[in-house]
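So the structure is just underneath, and the comments pick up after that.
The values are calculated or read from the model by the stated rules, or taken from the named source; none is laboratory data. All of these numbers come straight from a predicted model, not from anything done at the bench. Please note: Cβ atoms are built from the backbone with ideal geometry, for glycine as well, and neighbour counts cover all protein chains shown. Please note that ligands, DNA and RNA were not included when accessible areas were found on the heavy atoms of the full protein model with its side chains. Shrake-Rupley method; radii C 1.70, N 1.55, O 1.52, S 1.80 Å.
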Amino acid sequence: CSLLKAYFARNRKERISVALDRDRTDSSYLLGRLLAAIDRIQQDALENLNATLVDRFFGSASSTPRNVFPTLIRRSQAHLGKLRRDKPGLAVNSEKLLQEILGGLEGFPATLRLEEQALFALGFYHQRQAYYTKAT
């Protein structure tokens with residue numbers, strides 16, 4: 001993350017937050033957050049996984065999101081169904097997060113440039129870190 005932040009500071013004169021930025025509207029950043037959220041839903045629903053969505057789809061999701069995200073969202077509905085039965089409060093919070101992220105997207109771009117892939121990675125890791133940060 002530090003290397004990505006340094007790149008944006010030097011080349012785009014843009015300051016990148018060190019933590020999750022819920023106000024950031026870049027589609028690539030939001031797509032990274034979305035992958036982290038969908039991965040977390042799968043992990044919460046199935047718990048003991050040999051290979052996660054991230055293991056299988058990070059590369060293609062960060063480069064050709066239009067080909068990957070519709071399938072991931074469709075699959076996540078089964079995991080949300082299991083959460084609704086087993087952990088209803090967690091299901092509600094997960095759905096709210098999906099709605100927040102998807103509400104900022106106008107669609108899925110066919111491809112992401114290398115710079116956008118960097119923002120994707122930042123969004124992904126910022127969202128994952130937010131799961132381990134206590135709310136104040």
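What part of the accessible area of the chain, given as a whole %, is carbon or sulfur when the probe is 1.4 angstrom?
50 percent
Within a Cβ distance under 13 Å of Q127, other residues only, what is the Lys/Arg minus Asp/Glu net charge?
+2
If one takes the longest principal axis of the Cα atoms in the chain, at what angle in degrees, from 0 to 90 and to the nearest 10, does the Cα axis of helix 53-63 lie?
On a 0 to 90 degree scale, this one is about 40.
With label points built 7 Å along Cα→Cβ from the Cα atoms of R75 and S17, find their separation and express it in nm.
2.8 nm
As I understand it, the value is the acute angle between the Cα axis of helix 65-86 and the longest principal axis of the Cα atoms of the chain; what does it come to in degrees, rounded to 10?
Long axis of 65-86 versus the principal axis of the chain: about 40 degrees.
Assigning unit charges at the beta carbon (Lys, Arg +1; Asp, Glu -1) and nothing else, what dipole magnitude in debye, to the nearest 20, does the chain show about its Cα centre?
In debye, rounded to 20, the chain gives about 100.
Just to confirm the number: angle between the C-alpha axis of helix 88-103 and the first principal axis of the chain, 0 to 90 degrees, nearest 10?
30 degrees
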